[in-house]
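Participant: Following this message is one structure expressed as C-alpha cells.
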Amino acid sequence: MSLPVTFGIIDIVQILLIAVFVYYLMVWVKNTRAYMLLKGVLLVVIFLILAAIFHMDTILWICKQLSVVAITGVIVIFQPELRRVLEQLGEKKMLATLIPFETGKTVEERISDRTISELIHAVYAMGEVKTGALIVVEQNIILKEYEKTGIAIDSAISSQLLINIFEHNTPLHDGAVIVRNDRIVAATCYLPLSDNLALNKSLGTRHRAGVGISEVSDALTIIVSEETGKVSYTMGGKIYTGVTPGTLREELNKLKAKPGSKEDSGKFKIWKGRGRHEEKTDS
C-alpha cells in the first residue's frame, strides 16, 4: 500500500532555498582552507555510515561523545572563514534591495575628481620607477579596525604625498595607506592576507593583502608591483592586474556617491535609533 504524498509550493521553495544555499556554500568552500575540512568531514561521514552498517556500537558511542568537542574545535579553527561569511551576508549590497540603510554619507563627502586624478597620477608615477604601493579606498564599510594598526595622518590627498609615503627607506613605506573620502587617514596599516587557493602563486604579500581586505570589506584597493611596476586593483575578493589609467579611473568614478535626496537616504533612520525622536519632533 502506497502512502499519500503531498507536494506543494512551499516544498518547492524549500528545495530551491536548500539548493541555493548548498551551491553558494560549495563555491565559498572551494577557494578556502575549509575545502580540506570538507573532504575530511566526508571521510568521517563515510566511516560512520560503515560503522552503523556493521553495528560498531563502541565506535559510534565514542564519536557521539566527541561530536560537541569537534564542532567547537571547527568554530575556533575556522573563525576567520565563518566571520567572513557573516560579513558577506551583512554587506549592504545584499540587503540594500530589502532595507534601504542610511549610509550617512552625502555627495560632498564622497571621493572627488581631484582625488581620483591624484591617486592615478601617483600610482602610475610609482609604477614607472617600480615603487611598491598599497592604497585602500574605503567605501561603506568603515576600516577603523585596520586604521588603528597604522600611523594616523589625516591629510588631504596629493600625488606628491603618496609618492613620498611609499618611497624606499622611508618610515611610512611599509604597509597600506587608507583613504577615506578625500583624505589620507592612516599609513603603514596591516591588512589581512587572503587564503584564496585560486590566486596566482606568483602574487606577493602586497597583492594578497589587497585581495584580503577586499574579501572582508567593500573597499577598492590599488596595488603597485615592486617587481614589475604594473598597477592592479582588487574589489569583492577579485584582483585585476595590469590595468590602464582609463580603467582605473572608470572604477574609481563608480565610488562616487550617486545623486539622491537626504530624505531618501534617511528613510530607515530608525535603524540608527533616531526614527522615534524625529517622529516626536515632526508632530
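Participant: Residues being of a type in the set (V, I, T) and within 30 Å of V216 (Cα to Cα): count how many of those fall in segment 50-83.
Facilitator: Selection size over segment 50-83: 8.
Participant: Being part of a loop (DSSP other than H, G, I, E, B) and at pLDDT below 50 is the requirement here; does K280 meet it?
Facilitator: no
Participant: For segment 224-241, does any single residue satisfy the condition of being within 22 Å of R83 (Cα to Cα), out of contact with any strand residue (DSSP E or B) (no Cβ under 7 Å at 6 or more places or on another chain) and modelled with pLDDT of 90 or more?
Facilitator: The answer is yes, given that some residue of segment 224-241 is within 22 Å of R83 (Cα to Cα), out of contact with any strand residue (DSSP E or B) (no Cβ under 7 Å at 6 or more places or on another chain) and modelled with pLDDT of 90 or more.
Participant: For segment 21-30, indicate whether the set of residues that are surrounded by fewer than 10 Cβ atoms within 10 Å (Cβ to Cβ) and at pLDDT below 70 is non-empty. Give the derivation first.
Facilitator: So in segment 21-30, the residues surrounded by fewer than 10 Cβ atoms within 10 Å (Cβ to Cβ) come out as 27.
The next check asks that each one be at pLDDT below 70; those that pass are none.
No, segment 21-30 has no match at all.
Participant: Tell me, which residue of segment 215-242 that is within 8 Å of the chain's Cα centre (by Cα) and in contact (Cβ under 8 Å) with a residue 40 or more places away in the chain is surrounded by the most Cβ atoms within 10 Å (Cβ to Cβ)?
Facilitator: The extreme case among them is A219.
Participant: Only one of (1) over 19 Å from N253 (Cα atoms); (2) touching a Ser or Thr at 6+ places or on another chain (Cβ under 7 Å); (3) part of a helix (DSSP H, G or I); (4) without any contact (Cβ under 8 Å) to a residue 40 or more places away in the chain fails for H121. Which number is that?
Facilitator: H121 satisfies every listed condition except (1).
Participant: Being more than 20 Å from the chain's Cα centre (by Cα), modelled with pLDDT under 70 and exposed (fewer than 13 other Cβ atoms within 10 Å of the Cβ) is the requirement here; does L3 meet it?
Facilitator: yes
Participant: So which residues in segment 61-70 are β-branched (V, I, T) and surrounded by 10 or more Cβ atoms within 10 Å (Cβ to Cβ), if there are any at all?
Facilitator: I62
Participant: Right, here's the next one. Got a number for residues in segment 128-154 being outside any loop (DSSP other than H, G, I, E, B) and either more than 15 Å from L220 (Cβ to Cβ) or free of Cβ contacts under 8 Å to residues at least 12 places away in the same chain (or both)? Don't jump to the end; show me each part of the working.
Facilitator: In the first step, residues of segment 128-154 are kept if they are outside any loop (DSSP other than H, G, I, E, B); the result is 128, 133-137, 144-147, 151-154.
Those left that are additionally either more than 15 Å from L220 (Cβ to Cβ) or free of Cβ contacts under 8 Å to residues at least 12 places away in the same chain (or both): 128, 144-145, 147, 151-154.
Result for segment 128-154: 8.
The values are calculated or read from the model by the stated rules, or taken from the named source; none is laboratory data. Nothing here was measured: the structure is a model prediction, and the numbers come from that model. Virtual Cβ from ideal backbone geometry, glycine too; neighbours counted across all protein chains shown.
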